[in-house]
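Encoded as structure tokens, the structure appears first; notes follow it.
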Amino acid sequence: MNQDVVTYLEDRLGRLHARQRLGIERDHEARIFGGGLNFFHIENWYSAHSLIRAALRLSGLYRRGKRNAERVEVRTNLVRSAKLPEAFDGFTILHISDMHVEMNGGAMHNVVKLLPELAYDICVLTGDFRAKTFGPFEAALAGMAQVRSRIAAPVYGVLGNHDTILMVPGLEAMGIRMLLNENQPIVRRGQRIHLAGIDDAHYYRVDNIQKAASEIPEAAFSILLSHTPEIYRQAAHAGFDLLLSGHTHGGQICLPGSIPITLDSVLPRRLGSGSWEYHDMAGYTSTGAGSCIVAVRLNCPPTITLHRLETSRS
């Protein structure tokens, strides 16, 4: 392991967080059973890729699924809140999640084509930049650099369960401000909102919402970035107004009517994709721009989302 990278991470995140994350990665890399919120992790099962491809070929759906996986759609989502400062009325956030860039070349090509046509104030990336959960990550960083070159700054991100913390120096070098149990105030015309992000809560379980929210004033409008929506309860009761996440892929391979076969998550199905509410918190779970395990999608298109914030004051 490159000592310069370890030193960077310890200086950037603190010695305890860096050592904890690196140690857990070494202990759990590529483990199929145990660890995380789920006991079984299909993305770490080598045979899953072949079995899913074989089943889809037998059903005659494989080619259609591959085509679908490249047809990235742009969605829009309106978030209204009385807490939102007037200066942020109309503020727009581009949300991209679960790119898995090195196994989704066609989808990433179409994302890059879509980006120049979109108008937004900031971009947020909610993790899973890498396809595999272990091994080299240089191809993922190279793919991310191509996508990042077409995204207008500022750009903020969090890590997913597929990402190693060793990617952080590379991601930040390309201008992505990673939020790892941290928050960043966003200032507009003298007013501010707060953007917080947590480290992966699904597999590595190194999230710390308390630390991420520690410097956010109680009355402030705040947004939490989390790779997984599974921490929706903690986020709502911590006082966040909006939770942006991904991870589920919306099921990726769904029954007609976009009914997911599995979400690989411990949460109510209504929180598995799109917009939702929990208590006083709005939430949005992206279906992802890429695909996981096998680059196919059925009844669940890949998406990127534009979230428009509006004040609901009368």
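Read the figures in this text as sums done on the coordinates, not as results from a lab. Here the structure is a predicted model, which means the values were calculated and not measured. In this analysis, Cβ positions are derived from the backbone assuming ideal geometry, glycine residues included, and neighbour counts consider all displayed protein chains.
Taking Rh as the Kirkwood radius computed over C-alpha pairs, what is the Stokes-Einstein D of the chain at 4 °C in a medium of viscosity 1.567 mPa s, expressed in µm² per second?
The calculation lands on 66 µm²/s.
Please report Ser81, Ser286 as a ranked list, fewest other C-beta atoms within 10 angstrom at the top and most at the bottom.
Ser81, Ser286
Would you please put 100-111, 129-140 in order of how densely packed they are, using the mean number of other Cβ atoms within 10 angstrom per residue and starting with the highest?
Top of the packing list down: 100-111, 129-140.
For Thr262 and Met174, what is the calculated FRET efficiency with R₀ set at 35 Å and r taken between the beta-carbons, to the nearest 0.05?
On the way: r = 33 Å, r/R0 = 0.94.
Once rounded, the FRET efficiency stands at 0.60.
When the helices in the chain are scored as -39500 (n - 2.57) per DSSP H run of 4 or longer and the sum is shared across all residues, what 222 nm value do you end up with, to the nearest 500 deg cm²/dmol?
Counting only the DSSP helices, I get -8000 deg cm²/dmol.
Answer rounded, prolate or oblate for region 107-260, using the Cα gyration tensor with square roots of eigenvalues a ≥ b ≥ c: rounded when a/c is under 1.5, else prolate when a/b is larger than b/c, else oblate.
rounded
Straight-line reach from Lys132: which lysines have Cα under 23 Å away, leaving out those fewer than 8 places along the same chain?
Lys66
Could you calculate the contour length gain from Ala219 to Ala152, that is, 0.36 nm times the residue separation minus the distance between their Cα atoms, to one decimal place in nm? Please list the in-between numbers first.
On the way: separation 67, 0.36 × 67 = 24.12 nm, distance 2.95 nm.
My answer for the length gained is 21.2 nm.
Any cysteines in the chain with zero other Cys Cβ atoms under 4.7 Å from their Cβ? List them, or say none.
Those would be Cys123, Cys292, since no other cysteine Cβ in the chain comes under 4.7 Å of theirs.
Starting from 0.36 nm per residue, how many nanometres of slack lie between Leu78 and Gln191 once their C-alpha separation is accounted for?
This chain segment gains 38.6 nm when fully extended.
What is the distance in Å between the Cα centres of region 237-275 and region 86-159?
Result: 19 Å between the Cα centres.
Of Ile186, Ile293, Ile93, which has the largest mean-square fluctuation in a 10 Å C-alpha GNM of the chain?
Result for the chain, Cα springs under 10 Å: Ile186 fluctuates most.
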